[in-house]
Structure formats: C-alpha cells, structure tokens
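As structure tokens, the structure follows; a few thoughts come after it.
The values are calculated or read from the model by the stated rules, or taken from the named source; none is laboratory data. This structure is a prediction, so every number in the text was calculated from the model and none was measured. Virtual Cβ from ideal backbone geometry, glycine too; neighbours counted across all protein chains shown. Keep in mind that these areas ignore ligands, DNA and RNA; they rest on the heavy atoms of the full protein, side chains included. Shrake-Rupley method; radii C 1.70, N 1.55, O 1.52, S 1.80 Å.
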Amino acid sequence: MVASGEERDLAAELCSRFGLDPVIAGLLVRRGIRDLKQAEAYINPSLAMLHSPFLIPKMHEAVARLERAVNSGERIGIFADSDLDGLSALAVLERLLGASGDIPDRVIRYPVDDDDYGLSMRVVGEFGASGVRLLVTLDSGIRDIDEIRRARELGMDVLVCDHHEPGDELPDAIVVNPKTRNNPYPFRDLAGVGVAFKLCSAVLFSRGPLYKRRHAIITRDGSGVHILRITDMLAESPVSFQARASVDKLELADVDSVLHYDLDDDLRKDIQARFGHNADDFLNFLEPLENNASAQTLTLSEWCAKFSVREDMYTRRIDLLERLFFEACYAKGCAILDFADSTLDLVALGTIADIMPLIDENRALVRYGIDALGRTRHAGLRLLIDSNGGVCTARDVAWRIAPFLNTPGRYGRSELLASFFLESDKEALGKIIREISDMNGRRKDELSLLYARLYEECARDDRHRAGGGMFFVCDPEVPDGLCGLLANRLADAFKMPVIVVALTDGRDVVKGSGRASGSFDFFSCVVPFMPLFERAGGHPQAFGFSVRRERIDEVRKKIGAAVESAPRGGLTANGPAYAELAIERLGRLETEFVESLKLFEPVGHRNEEPLFISRGVRPSAFRTMGAGQAHGKFTIDGPAGVEAIGWGMAAEMAAAARGAEVDLIYSLSLNEFRGVTRPRMLIKAITQRGAVDND
C-alpha cells in the first residue's frame, strides 16, 4: 500500500515532534494514527485519558446501590465467571471491599458452576438462603434472565457487571455493560475485569470531593473566551464567547464551581464576586487540596512537565486545561491512583487472557498493568513472576501465565483458581501452584494428542465439515475444558471458524466452544439460533454454549449455513503473513532500531508486533536446531550479519536455502548471548525471490 502525501507529511511531523525513526512513524500512521493527539495517546498513554466510567449507563445507580450495601451492613453476594477474566474481576472487587472495614465478612462468593455456563438456579437459591440482599455478577449475568428474575423474587437486588454481548432482553438488574444498545460509552471492548475496574473507580471517585459537582473551566484564548463544563469526569464540548463577554452572558447558573485561567481583570473579578470561594485560579486547583494555602504555585508549563503532558500537542488552550484537570482528578481528592496501582496487574492479566484488543483504553490499562505486574503485591502472582526471573511482558502473560492459571477451570476445578486469587499465605499458595503445575502438564500432553488427531481428521476428509464454511467437531474424548483451546488451534490452522463439542458419554446436555481467527464475527452467526441452546454467550470470535444432545445436528446445519452465507464466511486462503512495511537495507537492523520497537508494547490482539518484509535476501549459511531439528537458522549476507530464526520452519528454510535469494516476512527481537546483544529476525513467512507481494 502506497502512503498518501498527507500520510507522509504526518509521519514526517511525528519524526520531528517525537524524535521517532521514520520507520516507526510510518508504522504508526499505517496503524491509524491521524493526528498529534492520537499519537501522544499511543506513545504516552495516561490513566487520566481513560473514558469516564459514568459514561456507562446505570453507573451512578450501580455506585449508589453498592455503597448502600457497604454502609448499611447488608450481605453481598458475588458471582464470577470461572475463567481468568472473571476471577481477576473478583479479585479487583474484593480489594475495593476489603478496604471497607468488616465488608469481607459479609461477602458470599461463588465462582461459576463448573457444570454449566452462567448463573444457575441452584446458586441463586444458595445466595438467597445465605441472606444476600445485593448480588453482583462479574464477567457474567447479561443473558441470565430467568436466574436473575428468580433472585429478584427472593428479595435480592442484582448488579450485573459484564462485557459479553447482550440478548434482545436485559435482565431485571442494574446493568453495567459497555455493549448494551444505544450506549454512549466510546469503547466497547473492555474485558470483564476492565468493567469491574471501571465500577470500582466510579465508587472511589464518588467518595471524593468532586463527585456530582458541576465545574466550569474558563480561559481566554486568542480573541475569545472559552468555557468547558465537566461533571463526574464527563467533559462537554467547549463553548466560545466574545472576549468582552460579561459574566451574565457566560450561562453559569447551573455551575457549582469555576476555575479560571488568564482572564481579563474585570471578568475575573466578576466571577470571583459571583462565586466567592467556589471560584479559583486554575493553577491553584492543580495543587493538592490539603496543601492549597502553603503550596508554591507552578506555571502552566511546569504543571505540564510534572504530569508528562506535551503542551505542544494542544492547539487550543481549553483542551490543554481539560487534560490537566483530569490529571489532577487522578492525582488528588480520591484514591483511584492508589487503587489502580494495586489492581492494574489483575486488569492486565484478565484483559490479555480474554484476548481483548489492545487498543484505546485497553492499551493504557495493560501498559500500566504490565508495569504493576513487575512489582505486584499479589502473593501468588509474585511467586509466578519470580520463577521467571522477575520479568513479565504482555507476551509472558499471553503464552505462559494465562494458560497456566486457566488450567484449573478446564478441569472443573475453578475453586482452585479462586483460591489462588484470594489466598495470601505463601505456603498455601505454593501448594496451590504445585497442584496447578501438575494439572498444566497433563493439559499440555492431552491437548497435543487431541489436536494432532483432530487436525489430521479435518485435513483428510469431510467428516467434520459443516457445509463449506466451517468445521464442527463432536468428539467423546474431548474434555469440556479443552473445547475452546482445540477450537482456537484448529481455527488458526485452517483459517476458518471451528466449533468443538465435548460429546461426553452419559450426558444429555453437552458443552462446546466456537472460535474464529481474524476479524470474522462468528458469534453473530450463532445469535439467531439461541433458542437451540440451553445456555450460550461470548464475544464475536469466541463463545461457549451448552446444548441438548438431540439438538446437535440441528445446531450444526443451521450455524454451518449461516457461516457459509455470512460476509467473509467460509474458508480463507492460508496465505503468507502480512507485512506492514518493507526494509530493503538490512544494515538499518541495528540494536537501537530494534529497541525502538518497544514503543508498540504491549503487543497483542489488534496491536500485533510489527512485521516487516525484506526482498532478495541472500542467506550465507543455514543449520537446523532444537528437538527433532525442527527449527532453522539463517545467517544473512551483508554488513549487519543478522541471524534469522524460523521456529518449526526447518524444512521450508532448507528448501529456500538452496536458491539464490529469498523474500522474508519477519518480526524483530534482541538476542543476548555471552554478554553480547544482537538483533535477529523471527521468520513468519519465507518464499523464493519475488513470490511475496506485500501490496
């Protein structure tokens, strides 16, 4: 794809403003950065730039009801999904409640019923028998219509804190979910733990002095006066008036306090006279509330430096003051920053484990959360990270920590994972981790054997095909907890949607999971047939369900037909990996350049590690390595002397090495060996010269 002149100009400006390598700037533009403010949000994400939790409908109501339960001595029931996202959300809410006196003694907890998906009538009955008056569901509840109706009949109020797709009917509850219809919340893709964090942030903000106060920021800028109204971290669009406007014309009747900056003396005096102690200079507001009288006032530029805000990114002063206002909201007057420091490790863990896109808010939450994991106060996570040398990246979470911790739920032992999150005794945690480790080893062996057999069956014949658009695998040897993993691997391998059903002997109701690679919205093909399932729920590319055995063939036929007729349904060509930019001079692959790619961290779903293409590369040497000699290594001709590694690609590399030149698509990493750090390519695709077309 050829960049337009406008894109080239923006990339050049990013190089100038942020000191970026031209390749890095080009990648940012290719990834959708369209202006300097977007670039700053990507390069320097800030918690103060998160969307207000009060944009989620019903958030004020949820805060009031939870606070009433906390303050009135009511018994609170918490029901969390049994996966890593749900139990991370449970741990986040526990930290909020644990800071409120005797609350933990009044909390009844149940992870999801391992025999089903979602809230069950049995668990609702047990909550009722335990005297619960407020039931909170985490990462679940949005489709549990009948169960929540029963909870209401038993005298419980219900707060549903979820992120799954809602059905046509919402439960009779206070629903906090960014995916409900006509929802003004700007970001739909929070994880369940992300929604729980938003709820807790709203509760903490409500306990501070700024809650439900209507603020107006007023400043002079150019030839006019600009006013920005903010309530509960919600900013309206700024309004402009003539520079000589009187205070009567500024429409401030509904405002509780005014913060002014750089106004004409007459207007400033009129505002002070009208609002008295509820009017203040904006710079004074930025000082800590309790030290206002004695603090030394900094200049606006000094405050920008203090909060790491790029003043030159803002062409309008009112927008800069808005940013600083929110930085101050997080830094003083409420406990959100302290709470974030103690919980964002859990938010990052659940967000990555649930394969949420690492864009927008998730990027900021996970970036701060990965830092928090490095210094986590959670005793169990501390043990796991220390066993990895104290290092933890988003990739470590996705490939090592999350699969490890999800293991108990795959074997119907969700209570073991709940204990991991809620236990603080190191000796008890050590025992839990050893038990999970033994289980994890069994999972890996079992998964490898099942995947190898099912892959061969899918590749060899049509027994598992549902029309031409998907695979539908029913197998009595597949355990419930491995359906999702197997479906995911098969979907990645065949580049088409896959459903795997655990056809367990003796069960009238069986469980299954669906997965799709890429951006195909698989779940939308399932929603029209919800009456066929006992339960179902999930995300566009991943969902789970339970279904009566006699309905399996009907499910196969109807979903198979829906997938085949859907846009981009059916088999997708398994072509080469997609490279974002070409690097023709391998001499630029220096350590400093590879280090600069860390700007894209944390990488993950929809914020993948950058892939590059180099054409006409000439390998000077090739050898195999690893178990079974399955991996390959090239040494590349040229001044850089770069190594290229292909994991599981020995055969392809050996064939290519016999030719004169190859085209490589690859990512880049740094490899340290005997105290020397060198860049290396990690090959994703390899072809004979000229066969890869990146355009």
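In table form, for the structure just shown:
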{"item": "Surface share of carbon and sulfur [accessible, 1.4 angstrom probe, percent] for the chain", "result": "48 percent"}
{"item": "Estimated 222 nm signal from helices in the chain, with DSSP H stretches of n ≥ 4 weighted -39500 (n - 2.57), rounded to 500", "result": "-12000 deg cm²/dmol"}
{"item": "Over the stretch 255-381, relative contact order from alpha-carbon pairs under 8 Å, at least 6 apart, %", "result": "16 percent"}
{"item": "Alpha carbon convex hull of the stretch 437-513, volume per residue in cubic angstrom", "result": "91 Å³"}
{"item": "Too-long pairs where the Cα-Cα distance tops 19 Å, listed order kept, from Lys332/Lys598; Lys37/Lys58; Lys37/Lys332; Lys306/Lys332", "result": "Lys332/Lys598; Lys37/Lys58; Lys37/Lys332"}
{"item": "Where only alpha carbons of the chain are counted, the Rg and the Dmax (Å)", "result": "27.8, 85"}
{"item": "Label-point separation in nm, Ala660 to Ser424, each point 7 Å along Cα→Cβ", "result": "7.1 nm"}
{"item": "Binned Cα-Cα distances of the stretch 402-543, short to long, each 5 Å bin given as a whole percent", "result": "2, 9, 17, 20, 18, 15, 10, 6, 3, 1, 0"}
{"item": "Spatially proximal aspartates and glutamates relative to Lys269 (Cα-Cα < 12 Å; intrachain offsets below 8 disregarded)", "result": "Asp280, Asp281"}
{"item": "Distance between modelled label sites at Leu682 and Asp262, nm, 7 Å Cα→Cβ extension", "result": "4.6 nm"}
{"item": "Size of electric dipole in the chain: Cβ of Lys, Arg +1 and of Asp, Glu -1, about Cα centre, debye, nearest 20", "result": "1000 debye"}
{"item": "For the stretch 56-102, fraction of C-alpha pairs farther apart than 15 Å, in %", "result": "54 percent"}
{"item": "Spatial separation of Cα centroids for the stretch 390-450 and the stretch 176-235, in angstrom", "result": "37 Å"}
{"item": "Charge-dipole axis of the chain as Lys and Arg at +1 and Asp and Glu at -1 on Cβ define it, positive-most pick from Gly155, Asn284, Ile645", "result": "Ile645"}
{"item": "Charge-dipole axis of the chain as Lys and Arg at +1 and Asp and Glu at -1 on Cβ define it, positive-most pick from Tyr368, Ala487, Gly167", "result": "Ala487"}
{"item": "Relative contact order (percent, whole number), the stretch 404-541, Cα cutoff 8 Å, 6+ residue spacing", "result": "17 percent"}
{"item": "Built amide H within the under 5 Å cut-off of Phe472, gap 5+", "result": "Arg465, Ala466, Ile499"}
{"item": "DSSP H segments from the chain that extend 18 Å or more along their own axis, Cα-based, with Kyte-Doolittle mean of 0.0 or above", "result": "84-98, 192-206, 317-331, 336-353"}
{"item": "Accessible area per residue in Å² at 1.4 Å probe, computed on the chain", "result": "44 Å²"}
{"item": "Spatially proximal lysines relative to Lys558 (Cα-Cα < 21 Å; intrachain offsets below 8 disregarded)", "result": "Lys495, Lys511"}
{"item": "Rel. contact order, % - alpha carbon contacts under 8 angstrom, at least six apart, the chain", "result": "10 percent"}
{"item": "Packing-based ranking, highest mean first, of 664-674, 53-63 given that Cβ atoms within 10 Å are counted", "result": "53-63, 664-674"}
{"item": "Vicinal HN-Hα couplings computed from phi for the stretch 517-522 (Karplus, 6.51 cos²θ - 1.76 cosθ + 1.60; Hz; Gly/Pro x)", "result": "8, x, 10, 5, 7, 5"}
{"item": "From phi via Karplus (6.51, -1.76, 1.60), per-residue ³J(HN,Hα) for the stretch 665-680 in Hz, x at Gly/Pro", "result": "10, 7, 9, 10, 9, 10, 10, 9, 9, 6, x, 10, 9, 10, x, 8"}
{"item": "Semi-axes of the equivalent ellipsoid for the stretch 165-248, Cα gyration tensor, largest first, Å", "result": "36, 16, 11"}
{"item": "Protection-proxy order for peptides 264-276, 140-152, each taking the mean of Cβ atoms within 10 Å per residue, highest first", "result": "140-152, 264-276"}
{"item": "Arg213 long-range amide H proximity, modeled H, under 5 Å", "result": "Asp232"}
{"item": "Backbone HN-Hα couplings from phi across the stretch 499-505 [Karplus 6.51/-1.76/1.60, Hz, Gly and Pro as x]", "result": "10, 10, 10, 7, 7, 4, 4"}
{"item": "Signed unit charges on C-beta, dipole axis of the chain, positive-most listed residue Ala196, Ile217, Gly506", "result": "Gly506"}
{"item": "Distance between the stretch 654-688 and the stretch 1-48 - C-alpha centres, whole angstrom", "result": "27 Å"}
{"item": "Share, in percent, of DSSP beta bridges within the stretch 84-241 that are antiparallel, nearest 5", "result": "60 percent"}
{"item": "Charge dipole (debye, nearest 20) of the stretch 146-280; +1 at Cβ of Lys and Arg, -1 at Cβ of Asp and Glu", "result": "240 debye"}
